[in-house]
Structures are given as structure tokens and as C-alpha cells.
Amino acid sequence: MKSVAIVGTNGIPARYGGFETLAENLVRGLASRYRFTVYCSGVPQAERRSEHLGARLLHVPLAANGWQSVPYDVLTTLHALTYADAVLMLGPGVGFVLPANLLFRRGVVVNHGGLDEWEREKFSWFQRRFLYWSSRSSASWATTNIADNSLLQQSIRHHFGAEAEVVRYGGDHVRPPSGRQADLDALYPFVGRPYHLSVARAQLDNNLHLLIDAYRQMPQQQLVIVSNWNVSEYGRDLFARHANSFPNVLLLPAIYDPRALDYVRVNATVYVHSHSRCGTAPSLVEAMSLSLPVISFDVPTNRETTQDQARYFDSAATLVELVQALQPGDVEALGRRMAAIAAADYRWQSIWDRYDAILAAACSR
């Protein structure tokens, strides 16, 4: 059995984030075909485990985010190259180390993640240049490049002259509990009433400030935002200013229990997707798989993911107009369309098959 190392994430079990969810589901679906090793960052000693779903977990005393992310990714990638038949890099952030593979000649598969990461507003000029350079190196040195969206595939070809395979995310792993759940109703009493929901990381290009601005103008409509507010100055500032500002806008801390998160999601009446800098966002795909009607930020990647079948906004004003114009029949039809797209395009079995072929080729390099 060939060995595959997964680098570039916080590790598994998945708690929050698309790459972590991808890593966990690849292990879940392909552990019978490959010996997986997944690198994990800064997990408290008491919570560490040596394996999960048959994958070996290696814990590194560095954070996968913030300033430690570069040494974390460099260390884990170089270590993986010393023994694995193939390395799956989730994110191109340290592509500059890949020339070291001339010594090892391993197969390297790079999933490039969101669209043009080097253009994110949250990064400084230096960080943007570094990410561009590293993404170029990743694209050049990878055995296979993966894009999760056809627009990202086109961008990789345009910017780096490299080809990439489009492999999306699955959404059919979500398993919300059926019926009312007394313990979860006690934790989240709002689920008994109509509410709109958004789940996103607290970063500028996810536009949580725009959602708050829009819904404060609609006091009759409940909005619930689930986010990891404490991980950024942007998030901390939003939470401090608005956590108790508007009765109809509820800001919840990140929910790491899948059962609880799926319960909060499945009981929402509308899902509001506010990401403006992503490829195929896993949180959006999961909402579609739950048959949730989607109102999405209007950028080409979100339109591609939803096949132009959602409703789209580009400002607080247009979001207010969309929400106020929604009729019950519109909501039901929108949910059915999202579910049909998810059932056709975002199923894990087809994604496992694609990754299986890509990893098999990388291992035999």
C-alpha cells in the first residue's frame, strides 16, 4: 500500500475550515487504498491522538495560521518528502521549498484553494508578493495541480502557464439530526423561529460587516452569524462593536461539534454566503447539500459554484432588497435548485474517485 502525506492544514479531526474537511473526507474515503499521514498543528496535549479514521497523525508544536504558518508548512512538507510516496499539499503557500524534491523525486499534488490568494485584502504588499511567488513555484513544481473551481483553473493557466485538474468538494457528508433535539434547542433557542444563517471565518473578504449592516436595517428578520471571531483583529472588532448592538443580529462563536453545526444549519430558512475571495467554498457546498436556499455574494466563483441559480448581492443595499423581495414560494424553489446541483456535482464518491486516480499517478512517479 502506497503512503500519502497531507500537509498544509490544522489537521484532523476537522474542526473548522475547508481544507481540514477535505483532508478528513479523503482519509475517510481512501484509507483502504493508501497509508495516510496527516500533519496537525498546536493541538493541546490532552486532545492529541495518534490516529484518526486509520490515518497516522503527526503533531507539530507550531500554529498552522499566523506568522508560524510558514515554518509549520516548510517543516512538515520537507519531512513528508523524506518518506511518503506522494505529498498532498493543501494550499500553495510554501511552494518555494518544492525544488528540494529534486533530492527525493516524490509525487507532489498541490490543491491551490481559493482564487488568486495573493490578491486578498487582508495581506500586506509583501505577503501578496510572497504568495504570488510561492503559488507560481507550486504550480511549476507540482506533479499535478488541483483547482476546486474552473475559474481558478483558468487563473493558474493564465498566471503561471500550468495546467490544473478541477476537483471540487463534496457536501453529502453533512448529517443533521432529524426532528427536534432538546439539548440543542436549549443551546440554540433561535432554531424554533425563522432565521437566516451565515457561517464564515472572521476575515475582511468574507464581508461579515456587510451582513451586519444589511440586517440591522431589517429588524423583522433574524440573522445568525457563526464565526471564529477571536482569530483576527477584524473579527474581534466586529464582535466587540456588534455582539449586542441589534436584537435581530446574533453573533455566535465557532461551532466545532458537527452535530450541533448541522442542526443550526438545517433549521435555517435561508443561507447567506458572503465570501468574495474563494474558489468552491465548502461551507457553500454543504449548505446546498442541506437544501438551503442560497443568497450569495456576487462574484464569478460563487456564480460558478451555484450555476447562476442562487440570488446574488454586491452591497448591503442590494442584500436588503433581495431579502425583502423574497416570497415563500421563491425560498422553496431556490432550496430545491441548490439541492439538485449539489446532488449532481458535489458528492464525495466522485471526488474520491478523482483523487484516487491523481494520487495513484503521483505515487507511481
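The values are calculated or read from the model by the stated rules, or taken from the named source; none is laboratory data. For clarity, every value in this text was computed on a predicted model and none was experimentally measured. When we count neighbours, we look across all protein chains shown, and the Cβ atoms used for this are built from the backbone with ideal geometry, even at glycine. For accessibility, only protein heavy atoms count, side chains too; no ligands or nucleic acids. Shrake-Rupley method; radii C 1.70, N 1.55, O 1.52, S 1.80 Å.
Listing for the model above:
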item	result
Among 281, 357, 344 - extreme Cα towards positive end, dipole of the range 211-365, charges at beta-carbon	357
Other-chain or far-sequence residues with amide H under 5 Å of residue 35's (modelled H)	2, 3, 4
Distant-in-sequence amide H partners of residue 306 (H built 1.01 Å from N, under 5 Å)	none
For the range 53-68, 3J(HN,Hα) per residue [Karplus equation, 6.51 cos²θ - 1.76 cosθ + 1.60, θ = phi - 60°, Hz, x = Gly/Pro]	6, x, 8, 6, 10, 10, 9, 10, x, 9, 7, 7, 10, x, 5, 7
Dipole moment magnitude, nearest 20 debye, the chain about Cα centre, only Lys, Arg, Asp, Glu C-beta charged	780 debye
Zone residues, the range 95-116, relative to residue 154, backbone N less than 15 Å from point 7 Å out along Cα-to-Cβ	115-116
Helix axis angle, 125-141 relative to the chain longest principal axis, alpha carbon, degrees	50 degrees
Three-way shape call for the range 110-211 based on the alpha-carbon gyration tensor, with the a/c threshold at 1.5	prolate
0 to 90° range, to nearest 10: angle between helix 316-325 axis and the chain longest Cα axis	60 degrees
Global geometry of the range 21-120, whether rounded, prolate or oblate, following the gyration tensor of its Cα atoms and the 1.5 cut on a/c	rounded
Most to least packed among 316-325, 173-182 [average Cβ atoms within 10 Å]	316-325, 173-182
Accessible area in the full protein assembly, largest first, 1.4 Å probe, for 168, 303	303, 168
